[in-house]
Amino acid sequence: MLAKALKEHNAKQASIRKQNEQLRREAVKSLNDLTDCLSDNLNERVAQVYSNQKELEQSAKKISLQAHKYSKQAKNWLQLIDQFNSALKELGDVQNWAEVIEQDMRDVTKTLELVASSSETNTL
């Protein structure tokens, strides 16, 4: 009877070990599946982040090139405006010079007219 109980106990222990081993294998398989699933999901997200980063870098390069281009263009426009301002100043100087010459010529003309009129009155 004791031998029979020992055999039953050993058989039951073996069955429990076998069942535990099966459960352990299933748990390990489930954990591996979960790990694979999480890794795949994480890899997809990392790939998306990498792709977004690459697009952002390309956009940043394009924007940098455009900013440089517009900076050069603005610099050229400023130079043209400076040249235009200088030309306007010179034109103003020429106009002022011409007005001064014109006034001087009027003064000379009046003086000559006065000299001519006074010499006519003196000769009469």
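The values are calculated or read from the model by the stated rules, or taken from the named source; none is laboratory data. Since the model is a prediction, treat every value here as computed from it, not as a measurement. Every residue, glycine as well, gets a Cβ built from its backbone with ideal geometry; the counts of neighbours run over all protein chains shown. Surface accessibility is based on the protein's heavy atoms, side chains included, excluding ligands, DNA and RNA. Shrake-Rupley method; radii C 1.70, N 1.55, O 1.52, S 1.80 Å.
Could you tell me which numbered condition ALA3 fails, if it satisfies all but one of (1) of a type in the set (A, V, I, L, M); (2) modelled with pLDDT under 90; (3) surrounded by 10 or more Cβ atoms within 10 Å (Cβ to Cβ)?
The one condition ALA3 does not meet is (3).
Can you tell me which residues in the stretch 67-80 are open to solvent by 90 Å² or more (accessible area, probe 1.4 Å) and among the hydrophobic types (A, V, I, L, M, F, W, C)?
Step one: filter the stretch 67-80 for residues open to solvent by 90 Å² or more (accessible area, probe 1.4 Å), giving 68-70, 72, 75, 77-80.
Selection gives TRP77, LEU78, LEU80.
Taking the stated definitions as given, is GLU55 open to solvent by 100 Å² or more (accessible area, probe 1.4 Å) and within 51 Å of the chain's Cα centre (by Cα)?
Answer is yes for this residue.
Has the stretch 15-28 got at least one residue that is part of a helix (DSSP H, G or I) and either touching an Asp or Glu at 6+ places or on another chain (Cβ under 9 Å) or surrounded by fewer than 10 Cβ atoms within 10 Å (Cβ to Cβ) (or both)?
First, pick out the residues of the stretch 15-28 that are part of a helix (DSSP H, G or I): 15-28.
With the extra rule that they be either touching an Asp or Glu at 6+ places or on another chain (Cβ under 9 Å) or surrounded by fewer than 10 Cβ atoms within 10 Å (Cβ to Cβ) (or both), the set shrinks to none.
No, because not a single residue in the stretch 15-28 is part of a helix (DSSP H, G or I) and either touching an Asp or Glu at 6+ places or on another chain (Cβ under 9 Å) or surrounded by fewer than 10 Cβ atoms within 10 Å (Cβ to Cβ) (or both).
Would you pick out the residues in the stretch 87-124 that are open to solvent by less than 90 Å² (accessible area, probe 1.4 Å) and of a type in the set (A, V, I, L, M)?
ALA87, LEU88, VAL94, ALA98, VAL100, ILE101, VAL108, VAL115, ALA116
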